[in-house]
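Have a look at the structure below before the remarks.
Nothing in this text is a laboratory measurement; each read-out follows from the coordinates by a stated rule. Please read all numbers here as calculations on a predicted model, not as lab measurements. Note: ideal-geometry Cβ built from the backbone for every residue, glycine included; neighbour counts use all protein chains shown.
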Amino acid sequence: MTCEGCVIFIINAYNFQKRRVAIFDCDGVLFDSKASNINYYNHLLSKFGLPPLKENDVEFIHMHTADECIYHLFSNSPHLKDALKYRWEMPIDQFIKDMVMEDGLIDLLTFLKPVYHIALATNRSNSIPEVLSYFKLQNFFDLVVSSLDVANPKPNPECIIKIIEFFRVTKEDVVYIGDSKLDELTAINAGVKFIAYKNPSLHADFHAGSLYEVKEIIGKLLPPNDLG
């Protein structure tokens, strides 16, 4: 079993005795990355002499892939091609340091790790390995699927389907945790249970205001002692 192109897959992912999968979005769930994303795109805009983000751009950059964001922000600029190129060259360490890990994340991942496959489905691209490494989270995740690993990013369900097929589970064995409208649509399109995180406006099977609540919901939804 392989997952060609996936950013990370750990050898523990081959423990198919685990029959349940918890899939996380990254930004807004694992981390508060609003300031980081704003600083990143303001740096990119400033590089080409453009004004900083408008307020109505902030939600867009939080949800979409880097290329989608650059096309959106540079749609009326002659610098679009150069911006797409530069974003692969610009250092990202300073922006990763602006990210804040969500309270309770380590507790939740430690709780899940013995009996759940833990996966990450994110519209981030080349930054995700450095993010996980900086916060020392890489060993918690059995599989990471970024926007570079799919032909169609969220809300297309390709990332979720890829994870389901890799672990040889059914949709009923999966729960997805996300915070945005894109995540809601991704869960609906994939046909999996959805926990909306810190966003009561979303349509979801469950809502959670903290990762401690996510832990409680998953504990009831997918009993840890049920190895299926």
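Tabulated results
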{"quantity": "The stretch 49-70: number of residues that are of a type in the set (Gly, Ala, Ser) and touching a strand residue (DSSP E or B) at 6+ places or on another chain (Cβ under 7 Å)", "calculated": "0"}
{"quantity": "Count - residues of the stretch 31-51 that are buried (at least 19 other Cβ atoms within 10 Å of the Cβ) and polar (S, T, N, Q)", "calculated": "3"}
{"quantity": "Residues of the stretch 170-185 satisfying the condition of being closer than 12 Å to ILE23 by Cα and touching a residue at least 24 places away in the same chain (Cβ under 8 Å)", "calculated": "ASP173, VAL174, VAL175, TYR176, ILE177, GLY178, ASP183"}
{"quantity": "Any hit, the stretch 105-112, residues being within 20 Å of LEU44 (Cα to Cα) and touching a residue at least 24 places away in the same chain (Cβ under 8 Å)", "calculated": "no"}
{"quantity": "When residues of the stretch 68-81 are limited to those that are closer than 25 Å to LEU185 by Cβ and exposed (fewer than 14 other Cβ atoms within 10 Å of the Cβ), the one farthest from the chain's Cα centre (by Cα)", "calculated": "SER75"}
{"quantity": "Count - residues of the stretch 151-168 that are closer than 20 Å to SER127 by Cβ and surrounded by 21 or more Cβ atoms within 10 Å (Cβ to Cβ)", "calculated": "4"}
{"quantity": "Some residue of the stretch 101-124 being of a type outside the set (D, E, K, R), over 30 Å from LYS220 (Cβ atoms) and in contact with a helix residue (DSSP H, G or I) (Cβ under 9 Å, 6 or more places away or on another chain)", "calculated": "no"}
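Residues checked against (1) outside any loop (DSSP other than H, G, I, E, B); (2) over 17 Å from the mean Cα position of the chain (by Cα); (3) surrounded by 17 or more Cβ atoms within 10 Å (Cβ to Cβ):
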position	(1), (2), (3)
LEU53	no, yes, yes
GLU59	yes, no, no
HIS62	yes, no, yes
ALA83	yes, yes, yes
PRO91	no, yes, no
PHE95	yes, no, yes
